[in-house]
Amino acid sequence: MMSVIEAWFMDESSSDQRLPHRLEPNQPVSLQELQKIGVFYWKLNADIYESDPELQKIREDRGYSYMDIITIHPDKLPNYEDKLKMFYEEHLHLDDEIRYILEGRAYFDVRDQNDRWIRIAMTKGDLITLPAGIYHRFTLDETNYTKAMRLFVGEPVWKAYNRPADEFEIRQKYVQSLKCR
């Protein structure tokens with residue numbers, strides 16, 4: 001089931017990262033625009049994630065063999081403040097980042113082909129894939145809570161490479177792929 005995810009270009013404010021940071025006037029970003037930079041999205045029924053045939057099909061089709069669940073909240077995540085700072089540091093991964101929001105809300109920020117920040121609002125039932133090599137960051141909204149499934153092809157790789165990381169082959173491949181889209 002495809003649905004519309006809410007995304008927009010961000011302002012340059014350095015105030016609280018958990019605020020929406022919309023431009024005035026708001027400049028929305030469509031799902032098609034996200035797909036052009038390699039970001040893919042599904043809307044699923046998070047209430048049945050343990051037995052959801054649609055999630056199973058996505059996992060099988062895309063080879064997501066590993067899964068775990070993380071709860072991000074001051075009472076649930078050790079070193080919460082440090083972890084949130086680390087997640088919000090601009091970085092890339094050598095593998096796709098796949099996240100499925102089971103409860104709560106959060107934001108993924110991604111850089112577009114012109115290096116502008118796009119904020120993607122994630123809510124319950126949202127599954128997103130960020131391509132390997134894209135600069136991005138993650139934060140919660142003002143509710144300070146999300147429970148998310150993390151999916152991987154094979155063994156999980158948690159290593160993040162903070163910007164600048166343009167020397168990585170995966171970054172160069174990603175930038176090249178933008179020219180071909």
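The values are calculated or read from the model by the stated rules, or taken from the named source; none is laboratory data. This structure is a prediction, so every number in the text was calculated from the model and none was measured. Neighbour counts are summed over all protein chains in view; Cβ atoms, including those assigned to glycine, are modelled from backbone coordinates with ideal geometry. The protein model used for the area step is the full one, side chains on, heavy atoms only, and it has no ligands, DNA or RNA in it. Shrake-Rupley method; radii C 1.70, N 1.55, O 1.52, S 1.80 Å.
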For this session: Could you pull out which residues in segment 152-181 have an amide N less than 20 Å from a spot 7 Å beyond the Cα of Ser30, following the Cα-Cβ vector?
Result: 178-181
Exercise. Based on DSSP, what percent of beta bridges with both residues in the chain are antiparallel, to the nearest 5?
Worked result: 100
Exercise. When the accessible area of the chain is split by element with a 1.4 Å probe, what percent falls to carbon and sulfur?
Worked result: 50
Problem set entry | Hz values of 3J(HN,Hα) by residue in segment 7-14 - Karplus curve (6.51, -1.76, 1.60), Gly and Pro given as x | 9, 7, 6, 8, 6, 9, 4, 9
Seminar exercise, completed: Dividing the mean separation of Cα pairs under 8 Å (6+ apart) by the residue count of the chain yields a relative contact order in percent of 29
Exercise. Working out 0.36 nm times the residue gap between Asp52 and Ala121, then minus their Cα-Cα distance, what length gain in nm do you get to one decimal?
Worked result: 22.6 nm
Exercise. Give or take rounding to whole Å, what are the principal axis extents of the alpha carbon atoms in segment 89-181, in descending order?
Worked result: 36, 31, 24
Seminar exercise, completed: If one builds a Gaussian network model of the chain from Cα atoms under 10 Å apart, the most fluctuating residue listed among Leu55, Leu77, Leu130 is Leu77
Exercise. Which residue, Glu169, Glu12, Glu24, tops the fluctuation ranking in a GNM of the chain built on C-alpha contacts under 10 Å?
Worked result: Glu24
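So, for the chain, what is the accessible surface per residue at a probe of 1.4 Å, expressed in square angstrom?
Values: 9590 Å² over 181 residues.
It amounts to 53 Å² per residue over the chain.
Ordered by packing density, taken as the mean number of other Cβ atoms within 10 Å over each peptide's residues, highest first, how do 95-103, 58-66 rank?
The densest-packed peptide leads the list: 95-103, 58-66.
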For this session: Measure out, as a whole number of angstrom, how far apart the alpha-carbon centroids of segment 61-75 and segment 14-45 sit.
Result: 21
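Over the Cα atoms of segment 21-179, what is the Rg over Rh ratio if Rh follows Kirkwood? Could you put the intermediate results ahead of the total?
On the way: Rg = 15.4 Å, Rh = 16.3 Å.
That ratio equals 0.94.
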Exercise. What is the percent of Cα-Cα separations in segment 138-181 that go past 15 Å?
Worked result: 67
